[in-house]
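Scroll down for the structure; my scribbles are underneath it.
The values are calculated or read from the model by the stated rules, or taken from the named source; none is laboratory data. The shown structure was predicted, so the numbers you read here are calculated from the model rather than taken from an experiment. Ideal geometry is used to build each Cβ from the backbone, glycine not excepted, and the neighbour counts take in all protein chains shown.
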Amino acid sequence: MTPPLFEARGLGKTYRLGEARIEALAGVDVTIEAGALVALAGPSGSGKSTLLNLLGLLDEPDTGTLKFSGREVQALPESEKTLLRRRLLGFVFQSFHLLPVLSARENVEYPLVIAGVGRNERRQRATEALAAVGLADRLDHPPDRLSGGERQRVAIARAVVHGPAALLADEPTGNLDSKTTAAIVDLLFRLNQERGTTLLFATHDPALFARAPRRIRLADGRIVADERDGGG
Ligand code: ADP
């Protein structure tokens with residue numbers, strides 16, 4: 001049987017700021033199957049980003065365990081975690097995080113440069129990834145000549161160009177107007193449906209949250225609701 005993609009038990013994270021201790025996550029149990037589409041909501045400061053960072057192997061929990069594809073993450077050396085992250089995960093953020101001096105295509109090629117993919121294949125895959133997000137005619141544009149929605153499309157193309165198992169998105173539409181939001185969400189949902197890419201996204205937007213077939217609510221670092229549509 002295929003193990004779940006993410007399996008967290010008692011996951012906790014406390015930040016220390018001088019004397020102050022902030023318990024960002026207070027023991028989260030969650031299992032996410034490969035191919036799932038999961039929305040994460042909760043007030044500001046409820047731990048959404050912290051949870052995404054832990055599941056995305058970007059940060060270490062203080063307590064609890066995380067299995068990624070059945071492998072106990074804490075037992076892995078840092079180099080192995082980095083490899084898993086680069087090969088199997090993709091990230092999208094509210095503020096796009098594109099490199100301003102690179103064109104759209106060069107931004108999308110960047111993770112493939114790090115992965116050691118040769119120049120021709122890199123170019124081809126980046127071009128295809130941009131075409132898949134509707135930007136075939138924007139390959140050479142730098143980010144500052146793209147709209148907000150187009151920038152986020154470039155960021156999504158960059159996040160999936162290596163064919164990750166999961167895409168983790170932290171407020172991916174937080175900086176976009178409602179029409180652009182709808183288009184970006186359609187794109188993310190399509191990636192999930194057509195490619196089977198597991199999608200986990202945090203959002204403040206109730207309408208967007210409601211669209212996900214599985215909806216997890218956080219409050220004060222804990223999961224307070226975990227709902228699924230019937231039959232899925
Ligand atoms: P959310 O994404 O739901 O807004 P976060 O996971 O960003 O919540 O934050 C949870 C709590 O942890 C908040 O109280 C926040 O201020 C705190 N926090 C997050 N990151 C850090 C950090 N790097 N240093 C100190 N406190 C942090």
For region 138-167, pairs from a residue that is over 11 Å from L89 (Cα atoms) to a residue that is of a type in the set (D, E), with Cβ under 7 Å and 6 or more apart or across chains, are R138/E150
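When you check L191 against the structure, is it surrounded by fewer than 19 Cβ atoms within 10 Å (Cβ to Cβ), free of Cβ contacts under 8 Å to residues at least 40 places away in the same chain and touching a Ser or Thr at 6+ places or on another chain (Cβ under 7 Å), yes or no?
Spelling it out, it is not the case that L191 is surrounded by fewer than 19 Cβ atoms within 10 Å (Cβ to Cβ), free of Cβ contacts under 8 Å to residues at least 40 places away in the same chain and touching a Ser or Thr at 6+ places or on another chain (Cβ under 7 Å).
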Would you mind stating whether R105 is surrounded by 17 or more Cβ atoms within 10 Å (Cβ to Cβ), under 14 Å from the mean Cα position of the chain (by Cα) and free of Cβ contacts under 8 Å to residues at least 40 places away in the same chain? no
How many residues does region 152-176 hold that are closer than 22 Å to I32 by Cα, within 16 Å of the ligand (Cβ to nearest atom) and assigned to a loop (DSSP other than H, G, I, E, B)? 2
Going by what's in this entry, would H204 be described as of a type outside the set (S, T, Y), within 16 Å of the ligand (Cβ to nearest atom) and either part of a helix (DSSP H, G or I) or surrounded by fewer than 21 Cβ atoms within 10 Å (Cβ to Cβ) (or both)? yes
Residue check for A75: at pLDDT below 95, of a type outside the set (V, I, T) and farther than 27 Å from A8 by Cα: no
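Find the residue count for region 1-31, including only residues that are away from the ligand (no atom under 16 Å from the Cβ) and touching a helix residue (DSSP H, G or I) at 6+ places or on another chain (Cβ under 8 Å).
Here the count works out to 1.
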Test set (1) in contact with a Ser or Thr (Cβ under 9 Å, 6 or more places away or on another chain); (2) surrounded by 14 or more Cβ atoms within 10 Å (Cβ to Cβ); (3) farther than 30 Å from V117 by Cα; (4) free of Cβ contacts under 8 Å to residues at least 40 places away in the same chain - T31 fails condition number: (1)
Any residue in region 133-153 that is closer than 22 Å to P206 by Cβ, modelled with pLDDT of 95 or more, crowded, with 23+ Cβ neighbours inside 10 Å and not charged (D, E, K, R)? no
Conditions (1) part of a strand (DSSP E or B); (2) free of Cβ contacts under 8 Å to residues at least 12 places away in the same chain -> K179 fails only (1)
In this structure, is K67 at pLDDT 95 or above, within 27 Å of R195 (Cβ to Cβ) and more than 16 Å from the ligand (Cβ to nearest atom)? yes
